[in-house]
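A.B. asks: Here it is, the structure in full.
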Amino acid sequence: MRSRNIAPLLAVSAVATLVPALAPATASAAENPMKQYLQQKPAWHRCDTSTPARLQCADIKVPLDYSRPGGKQIRVAISRIRSSTPAERRGVLLINPGGPGGPGLDMPLLLEADLPKSVKKQYDLIGFDPRGVGQSSPVSCGLNSKEESWERPYKAATFEKDVAWARTVAEKCRAKAGDKLRHITTRNTARDMDVIRSVLGEKKISYLGYSYGTYLGAVYTQMFPRRADRFVLDSAVDPKRIWRGMIQVWAEGAEPAFTRWTEWTARRHAQYKLGKTPEAVRKTFWDLVARADRKPIELDGTAMTGDDIRGGRAMFFSVSAAAEAIAELKKAAAGKPSGPTGKPRTPERPAPPSFGRAVPADNGTASFWSVACGDTRAWPRDPEQYRRDAIQDKAKYPLYGDFSSNIMPCAFWKNGSEPATTVDNKVKALILQNEWDPQTPLTTGLGLHSALKGSRMVTVAGGEGHGIYGSKSCADKTATAYLTTGKLPAKDVTCRAAGAAAQGARKLPLPTPPGIPGMR
């Protein structure tokens, strides 16, 4: 999920220390207003008739506003698959799939087959829908499908329409969800995680977070350092670039990936016929973009404009998939029937079970903007700043720069309840990072590693795709050893992806930012 050049501010309010201060079990409700939350007894039940009985669910209550625990409450839905060997059980492993806005209630079931037996023996696998998401008091802005789409390349002729769209989304969210939006933030989700810890009767939690989940995990370690046990942070977000910067980094990361692709494809001209040199491959691509700008190219029943082609920038992080896709596009432009690409499309994450409660159609988008806009106060407020940045970044990053720097609803969003979190601690954690990750490029993994000074990092050289642990990667062994023994590597590790692993053959069921087809 990017120019997050924000001056991170540590929110040192009474809220920040509220949950850690609630130790005495004997305190009365008046003395300890959080007692009602920390001492809840979950009513576990089968999650859904479509899921196995071993996946159990429960609802717990948390305060909407942690500075007012006696005020409005919201629901947080949690799930579990218990340790396979109770005698060897160590504790709980909370799992977050990313987003922001990704539901996690089904993650224990989705990952169960991919996690090693040694991990499943030691941990109850705990899933949860973050506040505002899925079954956890979901937010909605009442957006239609056009309003949900935010992949908008900058054009002078359409910029005013884009500004109107961004303002409309912010206003509809404000009208529909009101003051609730201010509290749908990463800091409050971290507080919810600590309530989950207490409700489960644990002194500490271990954690497996993917993508945005790495930032959520890092914020938890900052707020509750003594409650963090073994934290695996997979495909990492740079906390210093929250959140505009983590959108702009998609453009920054796409350029070297595109260059690598041209070099790889040129060596395979006999197979793909896209050019014998990197320069020739590059020219083939941009000629197709220019042609599609003049007249859309019909491909698989879809009219592809030049912007549509550029919007698929994520494909270039997988060199073979991109070569096959562009070869088919070239055939379509020449009026030749397109054949099979030789590689199936990456499957979407399967729809989660209903869990008995309907979720608003725009919940993923609404919760995404709630966090992305509410976590930080660093979003520019002047639309002209976005115009200038989009023009500048299109010149610097021609593939995607104008997409990632164009106007966003956050320009018109009201501030969240707190400033952004400065992540800067020595809590031990293990960071896993593919070299060629399309959503969280290598540079963002290095950024999180720098912020978490007690961490170690495993880099998968040549690794493609988003999400590592459970994908049969060369990093899995190190992560499993850490989760089962608590021992981090003595120093950072680089292992090399080989064969199918280097081409991202095994895909994890992680959510992608709403409305961005290029991120599929």
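Bear in mind these aren't lab numbers, they're just calculated from the coordinates by the rules spelled out. All values derive from a computational prediction rather than experimental measurement. Because the Cβ atoms are built from the backbone with ideal geometry, glycine has one as well, and the counts that use them run over all protein chains shown.
A.B. asks: What is the distance, in nm, between label points placed 7 Å from the Cα along the Cα-to-Cβ direction at residue 263 and at residue 203?
C.D. replies: Placing both labels 7 Å along Cα→Cβ, they lie 5.1 nm apart.
A.B. asks: What residue among 145, 380, 247 has its Cα farthest toward the positive end of the dipole of the chain, where the charges are +1 on Lys, Arg and -1 on Asp, Glu, each on the Cβ?
C.D. replies: 247
A.B. asks: Sorted by average packing, counted as other Cβ atoms within 10 angstrom per residue and highest first, what order do 270-280, 208-218 take? All intermediate terms of the calculation are to be shown ahead of the outcome.
C.D. replies: Working: 270-280: 14.9, 208-218: 30.5.
Result, highest mean first: 208-218, 270-280.
A.B. asks: Hey, another quick one. Give me a comma-separated list of calculated 3J(HN,Hα) values for region 254-264, in order, Karplus coefficients 6.51, -1.76, 1.60 applied at θ = phi - 60°, integers in Hz, x for any Gly or Pro.
C.D. replies: Going residue by residue, I get 5, 5, x, 5, 5, 4, 4, 5, 4, 5, 5 Hz, with x marking Gly and Pro.
A.B. asks: With each pseudo-label sitting 7 Å past Cα toward Cβ, what's the residue 43-residue 291 distance in nm, one decimal?
C.D. replies: Those two pseudo-labels are separated by 6.3 nm.
A.B. asks: Additional query: Just in region 31-119: which GluC sites (Glu not before Pro) are loop by DSSP and have at most 12 other Cβ atoms within 10 Å? If you can, show how the numbers build up before the last one.
C.D. replies: On the way: sites: 31, 88, 112; in loops: 31.
Here the GluC sites (Glu not before Pro) that fit, given the DSSP loop and packing criteria, are 31.
A.B. asks: For the chain, what is the mean residue ellipticity at 222 nm derived from helices alone (per DSSP H run of n ≥ 4: -39500 (n - 2.57); sum divided by total residues; nearest 500 deg cm²/dmol)?
C.D. replies: So the calculated ellipticity at 222 nm is -10500 deg cm²/dmol.
A.B. asks: At 25 °C and a viscosity of 0.890 mPa s, what translational diffusion coefficient does Stokes-Einstein give for the chain, taking Rh as the Kirkwood radius over Cα pairs? Give it in µm²/s as a whole number.
C.D. replies: On the way: Rh = 23.6 Å.
Roughly 104 µm²/s, to the nearest whole number.
A.B. asks: Loop only per DSSP, at most 16 neighbouring Cβ atoms within 10 Å: give me the trypsin sites (Lys or Arg not before Pro) in region 386-434, ordered by residue number. Write out the running numbers ahead of the final one.
C.D. replies: Working: sites: 387, 388, 394, 396, 414, 426, 428; in loops: 414.
Hits after loop and neighbour filter: 414.
A.B. asks: With a ≥ b ≥ c the root eigenvalues of the C-alpha gyration tensor of region 136-282, is it rounded (a/c under 1.5), prolate (a/b larger than b/c) or oblate? Before the final figure, lay out the partial values.
C.D. replies: On the way: a/c = 3.20, a/b = 1.38, b/c = 2.32.
Note, shape of region 136-282 comes out oblate.
A.B. asks: For a test of the definition: using alpha carbon positions, the gyration tensor, and the 1.5 limit on a/c, classify region 246-333 as rounded, prolate or oblate.
C.D. replies: Values: a/c = 1.72, a/b = 1.05, b/c = 1.63.
Since a/c reaches 1.5 but b/c is at least a/b, the shape of region 246-333 is classed as oblate.
A.B. asks: List, in order, the whole-Hz ³J(HN,Hα) value for each residue of region 281-296 obtained from phi through the Karplus relation with A = 6.51, B = -1.76, C = 1.60 and θ = phi - 60°; use x for Gly and Pro.
C.D. replies: Once θ is set to phi - 60°, the couplings for region 281-296 become 5, 4, 5, 4, 5, 5, 5, 5, 4, 4, 5, 5, 5, 6, 8, x Hz.
A.B. asks: For region 370-480, just say rounded, prolate or oblate: build the C-alpha gyration tensor, square-root its eigenvalues into a ≥ b ≥ c, call rounded for a/c under 1.5, and beyond that prolate if a/b exceeds b/c, oblate if not. Display every interim value, and only then the final one.
C.D. replies: On the way: a/c = 2.73, a/b = 1.55, b/c = 1.77.
Because a/c hits 1.5 or more and a/b fails to exceed b/c, region 370-480 counts as oblate.
A.B. asks: Can you list residues from other chains, or at least 5 along the same chain, whose modelled amide H is less than 5 Å from the amide H of residue 429?
C.D. replies: It is 455, 456, by chain and number.
A.B. asks: Counting other C-beta atoms within 10 Å, which of 147, 160, 252 has the fewest, and how do the rest follow?
C.D. replies: On the way: 147 17, 160 12, 252 20.
Starting with the residue having the fewest Cβ neighbours, the order is 160, 147, 252.
A.B. asks: Is there a pair in 180/414; 117/472; 61/117; 117/491; 61/204; 35/203 whose C-alpha atoms are over 22 Å apart, and which pairs would that be? Intermediate values should be presented prior to the final figure.
C.D. replies: Values: 180/414 11 Å; 117/472 14 Å; 61/117 32 Å; 117/491 26 Å; 61/204 20 Å; 35/203 16 Å.
Those over the limit are 61/117; 117/491.
A.B. asks: Pick out, in residue order, every one of the trypsin sites (Lys or Arg not before Pro) in region 122-157 that is DSSP loop and has at most 16 other C-beta atoms within 10 Å; say none if there are none.
C.D. replies: Values: sites: 131, 146, 155; in loops: 131, 155.
Sites meeting the loop and neighbour criteria: 155.
A.B. asks: Enumerate the calculated ³J(HN,Hα) couplings along region 45-51 in order (Karplus 6.51 cos²θ - 1.76 cosθ + 1.60, θ = phi - 60°), each rounded to whole Hz, writing x wherever the residue is Gly or Pro.
C.D. replies: 8, 4, 5, 7, 5, 8, 10
A.B. asks: By count of other Cβ within 10 Å, fewest leading, how are 223, 107 ordered? Walk me through the numbers on the way to the answer.
C.D. replies: Details: 223 24, 107 27.
Placing the least packed residue first, the sequence is 223, 107.
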